[in-house]
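Take a look at the structure set out below.
Readers should treat all values here as calculations from the given coordinates under stated rules, not as data from a laboratory. Computed from a predicted structure; not experimentally measured. Quick reminder, even Gly has a Cβ in these numbers, built from the backbone with ideal geometry, and neighbours come from all protein chains shown.
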Amino acid sequence: RAAARASEHQPDLIYDFRELLDRKDIDAIFVATPVNLHKEMAVATLEVHKNLYLEKPMGIDAVEVQAVHQAAESSRGRLQLGFQLRFHPSRVTTIKHIHSGGIGKVLYLQGNRHTGDLPREKKWFFDKNMAGQMIVEQAVHIVDLMNWVMGTHPIQAYGAGGINLYENIPPGRTTWDHYVAIYEYPGNIQLCFTHIFFDPRGFTGIQERVWGSEYAADLPTGTIYKLDPKNRSKLAKAEKLDTDDDDLRDATQRSVDSFFKCIRDSEEPLNNADWGRLATLSCIMGRIAVEEKRVVKWSEVAI
């Protein structure tokens, strides 16, 4: 099926990914598989010192994340994680603005990923042993952005969730259809992240927001809103930040192009192994918190 879809490009067909590792004409490998295969493929690629674009997350659990991170540290190849939102112009501009003090002191963070249910043809999405739950497979994008905003990882998490609508749909489903995870960063800064798979189209959607002592910021749109405690009757003044970017490439293409540039110019990727480790472990910490409905400390996952 894959060969038929890619027939116009006439790709070489292989049946074991290790065949790629032995080829001298290949400098870089992309791994975009179910999460339970990431660690095996990533470590094998890095051990032969090939450059690796690894789709997020780094692995299923903390042991796998540690193995990939150590392999990256020992490899002459470069590792870039597939956090393409780090290349989205509005998000990049807004986070730089936050880092420059443009919204004042950061006070609170919010992330929502509210959609319809997952595509049923991707059966591994519904198997927690293959996907690591959607907090690890999908939420890691937004958690990575919030770690970037804060410049560090959360120190603890609490959460709850489960399956309220899609019980055994599709048959054998073990991934949740909703959950909430509350993260705490140093300085008593909270991130409230909610993930819902029964959201009516157009009702809420995806949101990434940061509140500061002077402004609140919406990352996807690059818009900031002035905080005026004295104003109780008028809508807050909105200001669109200038991205100064006429490039029409989408964030994924920008991320891939940056990967190739880092290889050619011997540069460290923006979304490197260190940031990949922090984002993945943050989500694993949140997963444990939701599963066990308790506060989970960073020290429990940062092995």
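Under the simplified labelling scheme, the D16-I303 pair shows an inter-label distance of 2.8 nm, with each label point 7 Å from Cα along Cα→Cβ. The simple Förster model, with R0 at 41 Å and r as the Cβ-Cβ distance, assigns A160 and K122 a FRET efficiency of 0.95. The calculated FRET efficiency for T204 paired with D242, based on their beta-carbon distance and R0 = 30 Å, is about 0.65. You can think of it this way: the chain between V295 and D250 has 12.4 nm of extra reach, that is 0.36 nm per residue less the Cα-Cα gap. Shown is the FRET efficiency for R23 and N129, computed with R0 = 35 Å from the Cβ-Cβ distance and rounded to the nearest 0.05: 0.65.
Each part reduced to its alpha carbon centroid, the range 1-54 and the range 91-137 end up 26 Å apart. Summing +1 for each Lys or Arg and -1 for each Asp or Glu among the other residues whose beta-carbon sits under 15 angstrom from that of D22 gives -2. Stretching the chain fully between K261 and I169 yields a gain of 28.8 nm (0.36 nm per residue, less the alpha carbon separation). The longest stretch of the chain left intact once loop-based GluC sites (Glu not before Pro) with at most 12 other Cβ atoms within 10 Å are removed from consideration, loops following DSSP, is 1-120. Modelled spin-label separation between A6 and Q70, with each label point placed 7 Å from Cα along the Cα-to-Cβ direction: 3.1 nm. Write out the trypsin sites (Lys or Arg not before Pro) in the range 220-303 meeting two conditions: DSSP loop, and at most 15 other Cβ atoms within 10 Å of their Cβ. Loop-located and lightly packed - K230, R232, K234, K237, R249, K293, R294. For the range 62-98, trypsin sites (Lys or Arg not before Pro) are listed when DSSP marks them as loop and at most 12 other Cβ atoms sit within 10 Å of their Cβ; the list is R76. Where does the charge balance sit around G276 when Lys and Arg score +1, Asp and Glu -1, over other residues with C-beta under 9 Å from its C-beta? Net charge in that neighbourhood comes out at 0.
Note on L235 and T223: their simple-model spin labels are 0.8 nm apart, each label 7 Å out from Cα toward Cβ.
Pairs K39/K128; K56/K261; K105/K230; K39/K293: which exceed 23 Å Cα-Cα? K39/K293, as the Cα separations exceed 23 Å there.
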